[in-house]
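S.K.: One structure, as structure tokens, below. Some questions next.
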Amino acid sequence: MEHIYPAFERGRIMKKELLWALRDYSYSALQLQYQNYPDGIISGCRIRVQGQNLTVGKGIVKCQDFIFLLTQEEQVSYAPTEIFVSLKFRVKSQETLPDYTRYVTEFALDERLERMPGELELCRFKLKEGASLRREYKDFYDIQTEFDTVNLADADWAGLGGRTLSKEATDFFAQKVLECGRATEEDVHFAYLLLQSKEAAPERILTDYIFRKTGWRRTDEGEAGKEIFRELEKILEEIRNGGGRLYDRDGERERRMIIFD
């Protein structure tokens with residue numbers, strides 16, 4: 001096997017072979033890094049409300065097994081509809097030519113909540129006539145308030161090994177845990193792990209934490225994010241009420257440490 005890495009120094013000439021090596025390395029690195037991730041948001045894509053527009057921040061998205069680097073913010077206008085509307089990332093077309101493959105993508109609002117092939121959901125909301133869409137949350141439960149709120153519980157986020165809950169939602173959960181004086185050491189440690197991770201926590205980490213706290217196991221394959229959100233909401237309430245112990249399966253309290261890299 002031969003591996004060529006160009007020397008970026010003054011006076012060096014970039015021959016075509018070196019340009020090919022640079023092309024192959026830069027393209028392949030991302031594809032290999034996220035090859036075990038499902039389609040979904042990998043990082044970024046934070047949503048802001050600016051007047052009558054939703055602004056989607058820069059980020060990385062995997063869709064149809066291809067990694068898209070979103071290097072600039074995009075805006076989508078919205079209006080009251082009184083029904084749930086989904087903000088989607090959509091691959092509109094793919095064209096394979098001899099010299100390159102061309103993808104055309106867009107962010108668009110869709111009253112159809114189901115995802116078609118080549119579609120990912122970033123958020124949803126149900127805006128009443130005369131109301132303002134809000135993006136700031138009073139508490140963790142508020143992330144999936146039905147009316148007039150940017151709802152992240154159903155967003156399609158990708159974690160190692162499967163779909164998972166929004167990075168922003170788990171970070172908010174972790175912050176609320178750290179604000180609670182009744183949190184156990186296990187809860188605090190888990191909150192630190194969520195906050196220090198650069199990407200969304202894998203679903204197996206979240207579901208294992210929930211199981212150890214409550215004994216719950218996921219039942220609905222199609223609503224991974226929403227189910228996990230509901231269970232984390234219950235756990236946060238228990239912590240606040242002083243019941244933050246781990247799930248007791250054998251009549252005695254189990255003390256476990258949960259670690260992921």
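The values are calculated or read from the model by the stated rules, or taken from the named source; none is laboratory data. The structure displayed is predicted, hence computed values, not measured ones. Here the Cβ positions follow ideal geometry from the backbone for every residue, glycine too, while neighbour counts run over all protein chains shown.
S.K.: Which one of Val85, Val91 is surrounded by 11 or more Cβ atoms within 10 Å (Cβ to Cβ), assigned to a strand (DSSP E or B) and touching a Gly at 6+ places or on another chain (Cβ under 7 Å)? Quick ask: steps written out before the conclusion?
M.R.: Values: Val85 fails: touching a Gly at 6+ places or on another chain (Cβ under 7 Å).
Only one candidate passes the filter, namely Val91.
S.K.: Is it the case that the stretch 132-149 has a residue that's touching a Leu at 6+ places or on another chain (Cβ under 7 Å) and in a loop (DSSP other than H, G, I, E, B)? Show your work before the answer.
M.R.: Looking only at the stretch 132-149, we keep the residues that are touching a Leu at 6+ places or on another chain (Cβ under 7 Å), and these are 133, 140, 143, 148.
Filter once more, keeping what is in a loop (DSSP other than H, G, I, E, B): 133, 148.
The answer is yes, given that some residue of the stretch 132-149 is touching a Leu at 6+ places or on another chain (Cβ under 7 Å) and in a loop (DSSP other than H, G, I, E, B).
S.K.: Pairs needed: first member in the stretch 16-38, of a type in the set (A, V, I, L, M, F, W, C); second member anywhere, assigned to a loop (DSSP other than H, G, I, E, B) and surrounded by 11 or more Cβ atoms within 10 Å (Cβ to Cβ); C-beta distance under 7 Å; at least 6 residues apart or different chains.
M.R.: Correct list of pairs: Leu18/Ile4; Leu18/Pro6; Ala21/Ile4; Ala21/Pro6; Leu22/Pro6.
S.K.: Exactly one condition in (1) under 18 Å from the mean Cα position of the chain (by Cα); (2) within 26 Å of Glu73 (Cα to Cα); (3) in contact (Cβ under 8 Å) with a residue 12 or more places away in the chain; (4) not assigned by TED's automatic domain parsing to the domain that holds Gly225 is false for Glu136; which is it?
M.R.: Failed condition: (3).
Yes/no per residue for (1) surrounded by fewer than 14 Cβ atoms within 10 Å (Cβ to Cβ); (2) farther than 22 Å from Glu237 by Cα; (3) not assigned by TED's automatic domain parsing to the domain that holds Val61:
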{"residue": "Glu95", "(1), (2), (3)": "yes, yes, no"}
{"residue": "Ala108", "(1), (2), (3)": "yes, yes, no"}
{"residue": "Arg112", "(1), (2), (3)": "yes, yes, no"}
{"residue": "Phe125", "(1), (2), (3)": "no, yes, no"}
{"residue": "Ala131", "(1), (2), (3)": "yes, yes, no"}
{"residue": "Asp148", "(1), (2), (3)": "no, yes, no"}
{"residue": "Glu185", "(1), (2), (3)": "yes, no, yes"}
{"residue": "Leu193", "(1), (2), (3)": "no, no, yes"}
{"residue": "Ser197", "(1), (2), (3)": "no, yes, yes"}
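S.K.: Moving on to the next point. May I ask you to list the residues in the stretch 35-60 that are within 21 Å of Lys88 (Cα to Cα) and part of a loop (DSSP other than H, G, I, E, B)? I'd like the intermediate steps shown before the answer.
M.R.: Looking only at the stretch 35-60, we keep the residues that are within 21 Å of Lys88 (Cα to Cα), and these are 37-60.
Hits for the stretch 35-60 are Tyr37, Pro38, Asp39, Cys45, Arg46, Gly51, Gln52, Gly57, Lys58.
S.K.: Could you tell me which numbered condition Glu168 fails, if it satisfies all but one of (1) outside the structural domain of Ile205 (by TED's automatic domain parsing); (2) not in a strand (DSSP E or B); (3) not hydrophobic (A, V, I, L, M, F, W, C)?
M.R.: Among (1) outside the structural domain of Ile205 (by TED's automatic domain parsing); (2) not in a strand (DSSP E or B); (3) not hydrophobic (A, V, I, L, M, F, W, C), Glu168 violates only (1).
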